[in-house]
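Working notes for the structure below.
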Amino acid sequence: MTELARHEVGSRERAQPPPPAIVFEALTHPDRDPARPWLLLLDDEQPPRVLEAAYPDLVVWSSLWLRRPDAQVRFELAFDGRSGTMVRWRLLVTEPLPDASLLGHLRKRLNQLINADLRYAFGQ
């Protein structure tokens, strides 16, 4: 069976305060610290599975969204030159591409989960 072509339909890069190894751990085990939950899912979302991981700089998740089970989220982690991590997420989907409304929702949710909720879990 051939792999369907995936299209990048969203991407954002932002710094996170901890080093790459800590961010990697948070992405590969998002429920690791029940005292500081950050992957708070909506009713139309499901917990992701880790499809690929290369310590400490790459994590690929399965889809969070029941409406787009084909979606994948690719996280690229790089040392920021100080003490933290530059995190780039890329949203990948197969055709048909999501309409503008759904695409906006997916991008906004990823940005909320990674660049707000995860950051807050690290005390920022």
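The values are calculated or read from the model by the stated rules, or taken from the named source; none is laboratory data. Predicted, not measured: the structure shown is a model, and the values here were computed from it. No Cβ is skipped: glycine too gets one built from the backbone with ideal geometry, and neighbour counts run over all protein chains shown. Surface accessibility is based on the protein's heavy atoms, side chains included, excluding ligands, DNA and RNA. Shrake-Rupley method; radii C 1.70, N 1.55, O 1.52, S 1.80 Å.
Hey, what's the chain come to in accessible area per residue, 1.4 Å probe, Å²?
56
Bin all alpha-carbon pair distances of region 69-124 at 10 Å intervals from 0 and give each bin's fraction as a whole percent.
Taking every Cα pair in region 69-124, the percentages come to 20, 46, 25, 9, 0.
For region 31-80, what is the relative contact order in percent, using Cα pairs closer than 8 Å and at least 6 residues apart in sequence?
26
Over the alpha carbons of region 27-124, what is the largest minus smallest coordinate on each principal axis, giving the biggest first in Å?
The Cα atoms of region 27-124 stretch 40, 26, 22 Å along their principal axes.
Once the piece of chain linking E52 and E95 is laid out straight, how much longer is it, given 0.36 nm per residue of separation minus the C-alpha distance between them?
Result for the pair: 13.3 nm of gain on full extension.
So, taking all protein chains as they sit and a 1.4 Å probe, how much accessible area belongs to R36, in Å² rounded to tens?
Its accessible surface works out to 110 Å², give or take rounding.
Got the relative contact order for the chain handy, in percent, Cα pairs under 8 Å and 6 or more residues apart?
33
Please state the charge dipole magnitude for the chain, taken about the Cα centre, from unit charges on C-beta atoms (+1 on K and R, -1 on D and E), reported in debye and rounded to the nearest 20.
That gives the chain a dipole magnitude of about 320 debye.
As I understand it, the value is the acute angle between the Cα axis of helix 100-112 and the longest principal axis of the Cα atoms of the chain; what does it come to in degrees, rounded to 10?
Approximately 20 degrees, to the nearest 10.
Pick out, in residue order, every one of the trypsin sites (Lys or Arg not before Pro) in region 39-124 that is DSSP loop and has at most 14 other C-beta atoms within 10 Å; say none if there are none.
Passing sites in region 39-124 are R49, R67, R82.
Grab the Cα-Cα distance for K108 and R14, subtract it from 0.36 nm times how many residues apart they are, and report the gain in nm with one decimal.
Taking K108 through R14 to full extension adds about 32.4 nm, to one decimal.
Could you tell me what percent of the accessible area of the chain is made up of carbon and sulfur, with a 1.4 Å probe and every protein chain present?
That fraction is 52 percent.
Starting from the Cα of M86, step 7 Å along the direction of its Cβ; do the same at T28; then give the gap between the two resulting points in nm.
Taking the simple label geometry, M86 and T28 are separated by 2.3 nm.
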